[in-house]
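What follows is calculated from the coordinates using simple rules that are stated; it is not laboratory data. Remember, predicted model here, so these are calculated numbers, not experimental data. We place every Cβ from the backbone using ideal geometry, glycine too, and count neighbours over all the protein chains shown.
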Amino acid sequence: MRPTVAVTLGDPAGVGPEIAARLCHDAGSAEAADLIIVGQKVLLEAGAAACGLEPPQVELVETGQPAEIRPGRPGAASGRLAGEFVRKALELVETGQAEAMATCPISKEALQAAGYSDTGHTTLLARLTGTERPVMMLAGDKLKVVLATIHCPLKEVPRMLSVKGIVHTGLIADQAMRDHFGLERPRLAVCGLNPHASEGGLFGSEEAEIIAPALLELRAAGIEAAGPLPPDTVFWRTLKGEFDVVVAMYHDQGLIPLKLLHFEDAVNVSLGLPIIRTSVDHGTAYDLAGTGKASAASLIAAVKMAARMAVTTKGLEEEE
């Protein structure tokens, strides 16, 4: 049985409708999963026209009130539709009509203009599913990274790190690698915060006071977690096959190497939710909206990864 993936159009004023249209014409995606586009037919057809493509022949679930949307002009109307698309896709997964969801990009400004308090997909889905603290993974075929802290000023990172937080991130990452990626014993590489992982306390105390105690708890829970490891070598070691996933202490520590390797095809995966959700690893690109120039590589990768995760998690048989 091939998995079904519900794909949202994202903020309709952005490039979502265009990359979704490209996705629907991608033969590899059609082989990986059955698609349900969640949005509005008029938006998907406009996206296809912008790309010079025929209207996609794909199952589409209409939701949200019609609104006049202009490419590159976000606002409350586009934010309201973006939120409705997410809600409907979640409903499809929760009711078993789809095994996973993949999302096109949305804007937190447009979302909040529409009355949502959420800052993006992750917080919206966490609230809707009652998930206390999901974990962000950025993934490609060569490298997978999870983040102990996400979007915060660099100067705030040491204050935001905690033993509890790192343990939580490690536990969720380990379980996800088992459940969604089929690894019997995932190998986690946990980064230090400071240069050379502080080199015995010469460059900071966070490794000894926060990261090392968290590692002790993870190992006591039966998790294979190495560290604190010097951040300047850990990614190379992971590429060589020593580890399966890297736990980074802050946003740029993990995402600079990830995007160096997977700039066009990186996938954002929300771990810890009761559903499978992947997303593109780029924004709404309002400056490209309506031009037909946006690449669908990240969305295609997100759909294929969601399908693989569903096959592993739900025990579906892959198509021959």
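Things to note:
- Cα centroid separation - region 71-95 against region 212-236, whole Å: 38 Å
- Cα centroids of region 10-64 and region 260-320: 14 Å apart.
- Violating pairs (Cα-Cα greater than 20 angstrom) within the set K259/K304; K164/K259; K164/K240: K164/K259; K164/K240
- Cα-centre dipole for the chain with unit charges at Cβ (Lys and Arg positive, Asp and Glu negative), debye to 20: 520 debye
- Considering only Cα atoms, the convex hull volume of the chain works out to 130 Å³ per residue.
- Global form of region 199-320, assessed from the alpha-carbon gyration tensor, a/c cut-off 1.5: oblate
- Cα-based shape type of region 33-82, given that a ≥ b ≥ c are square roots of the gyration tensor eigenvalues and the cut on a/c is 1.5: oblate
- Residues in region 92-109 reached by a label modelled at V42 [backbone nitrogen below 15 Å; 7 Å Cα→Cβ]: none
- Helix-only CD estimate at 222 nm, as mean residue ellipticity for the chain, using -39500 (n - 2.57) per DSSP H run (n ≥ 4): -12000 deg cm²/dmol
- Shape category assigned to region 19-104 from the gyration tensor of Cα positions, a/c cut at 1.5: oblate
- Beta bridges from DSSP with both residues in the chain: antiparallel share about 30 percent, rounded to the nearest 5.
- Neighbours of V280, meaning other residues whose beta-carbon lies under 11 angstrom from its beta-carbon, give a summed charge of -3 when Lys and Arg score +1 and Asp and Glu score -1.
- Percentage relative contact order, the chain, counting C-alpha pairs under 8 Å, at least six apart: 26 percent
- P(r) tail fraction, region 134-271 - alpha-carbon pairs more than 24 Å apart, %: 20 percent
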